[in-house]
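The structure appears right after this line, and notes come after that.
Read the figures in this text as sums done on the coordinates, not as results from a lab. Please read these numbers as outputs of a predicted model, since none were measured by experiment. Don't worry about glycine lacking a Cβ; one is built from the backbone with ideal geometry, like all the others, and counts go over all protein chains shown.
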Amino acid sequence: MSSAVEQQWTTRLRKKLVVAMPASQLLPDTQPSYVASWIYVFGVTTMASLGMVILTGCVLALEGPVWWHQSSVGHYVNSLHLWSVEVFFFAMVVHLWGKYFMAAWRGKRALTWITGAVTFLVSVGAAFTGYLSQSNFDSQWISTQAKDGINSTGVGGFFNVLNLGQMLMWHIVLLPLGAVVLTGLHVLLVRYRGVVPPFEEKGAA
Amino acid sequence: MGLIGALINLDHYGHYLTWHWLNISVANLVVIVLMIAVFISALLLPFPGRAKRRSGK
């Protein structure tokens, strides 16, 4: 290969990625024996419910508010969207507790921990803007209750909870994009560093 | 959903518990208790095939 090709950023990046993340590490056949515990299933439960949240959200986006407020199928898909969010947060909190008590930031895994924590915060924002995007009296009530608190933080100038159009865009574009990108990065980092091992028993060599 | 609706009437205002400064809805409290129960169960319940994996079979 010519030196000009060798120096291309695409070539250099590909070579780095292949070394850092070989296919066997990206999609491994097996996991260490300590992963055979129920506490390790909540990360993937969170991702599965995130998939369901996005799928039902796409259906809601296709059909629109009149459909989800007035038709029985719309009510059903709206409920699926809500309950998959409930499962998402439930599983994510149990995952968070599990990783906290394992001190999962050990072994150069700080960035894995940080991306997970930021994903949690972004998801809270996505859930909040979801409440504001229902387009009913409930969303009006929540937005008027939230406005003073949000405005007191100083972000009200570009995050106006009384602006339904802006809140809807945060809910269906910016925050889901952030949550999905961060989740992808989080999973890649788990693959890169591996699943954190348990603490060694006291007195063990 | 109709069956669940028949068993539990969800068509009413939420119930709240108040203790000094703490004010929490029963629904939120139930979810928190369930999360703690699931967390403890996940630590204690045996995972299917765990012994087999450890023995390397």
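Taking θ = phi - 60°, what integer Hz values does the Karplus form 6.51 cos²θ - 1.76 cosθ + 1.60 yield along region B:39-44, in sequence order, with x for Gly and Pro?
Along region B:39-44, the couplings run 4, 5, 4, 5, 6, 9 Hz.
Any idea how far the Cα center of region A:1-47 sits from the one of region A:62-140, in Å?
Taking the Cα centre of each part, region A:1-47 and region A:62-140 sit 27 Å apart.
If the cut-off is 26 Å between C-alpha atoms, which lysines fall inside it for residue A:99, apart from same-chain ones fewer than 8 positions away?
A:108, A:202, B:52
Treating the Cα atoms of the protein assembly as shown as identical point scatterers in vacuum, please give the log10 of the normalised Debye intensity I(q)/I(0) at q = 0.10 Å⁻¹, two decimals.
Reported log10 I(q)/I(0), two decimals: -0.70.
With label points built 7 Å along Cα→Cβ from the Cα atoms of residue A:151 and residue B:9, find their separation and express it in nm.
Distance between label points: 4.0 nm.
Taking a cut-off of 20 Å, what percent of all Cα-Cα pairs in region A:38-102 are separated by more than that? Don't jump to the answer; show the numbers that get you there.
Details: 759 of 2080 pairs.
Summing the P(r) of region A:38-102 above 20 Å gives 36 percent of all pairs.
So what's the back-of-envelope 222 nm ellipticity for the protein assembly as shown, counting only DSSP H runs of four-plus at -39500 (n - 2.57) apiece and dividing by all residues, rounded to 500?
Working: 13 runs with 173 residues, N = 262.
Rounded to the nearest 500, the figure is -21000 deg cm²/dmol.
If you place +1 on the Cβ of every Lys and Arg, -1 on the Cβ of every Asp and Glu, and leave all else neutral, what size is the dipole of region A:78-205 about its Cα centre, to the nearest 20 Debye?
On the way: 8 positive and 5 negative charges, 116 e Å.
With Lys and Arg at +1 and Asp and Glu at -1, about 560 debye.
Measuring from a point 7 Å past the Cα of residue A:63 along Cα-to-C-beta, which residues in region B:3-43 have an amide N at less than 20 Å?
B:3-5
Net charge near residue A:93, counting Lys/Arg +1 and Asp/Glu -1 over other residues with Cβ under 14 Å of its Cβ? Before the final figure, lay out each step's value.
Working: positive: A:99; negative: A:86.
Combined, the nearby Lys, Arg, Asp and Glu give 0.
Let me check against my output: what whole-number percent is the relative contact order of chain A, with C-alpha pairs under 8 Å and at least 6 apart?
Numbers: 151 pairs, mean separation 48.1, N = 205.
The normalised contact order for chain A reaches 23 percent.
Membrane-span-like helices in chain A: DSSP H runs reaching 18 Å or more (Cα, own axis), mean Kyte hydropathy at least 0.5? List each step's numbers first, then the result.
Details: long enough: A:42-63 (31 Å, 1.70); A:72-101 (44 Å, 0.78); A:110-132 (33 Å, 1.49); A:137-152 (24 Å, -0.76); A:175-193 (26 Å, 1.31).
The qualifying helices are A:42-63, A:72-101, A:110-132, A:175-193.
Of chain A, which part is the longest with no GluC sites (Glu not before Pro) in a loop (DSSP not H, G, I, E, B) and with at most 10 other C-beta atoms within 10 angstrom?
A:1-199
Given a Förster radius of 30 Å and the C-beta distance between residue A:34 and residue B:34 as r, what FRET efficiency does 1/(1 + (r/R0)^6) yield to the nearest 0.05? Provide the component values of the computation, followed by the final result.
On the way: r = 26 Å, r/R0 = 0.86.
E(calc), rounded to 0.05, equals 0.70.
To the nearest 0.05, how large is the calculated FRET efficiency for residue B:25 and residue A:177 if R₀ is 25 Å and r is the Cβ-Cβ distance? Mind showing how you got there, number by number?
Details: r = 31 Å, r/R0 = 1.25.
Plugging the Cβ-Cβ distance into 1/(1 + (r/R0)^6) gives 0.20.
What is the mean number of Cβ atoms from other protein chains located within 10 Å of the Cβ atom of each residue in peptide B:35-41, rounded to a whole number?
Averaged over the peptide's residues, the number is 4.
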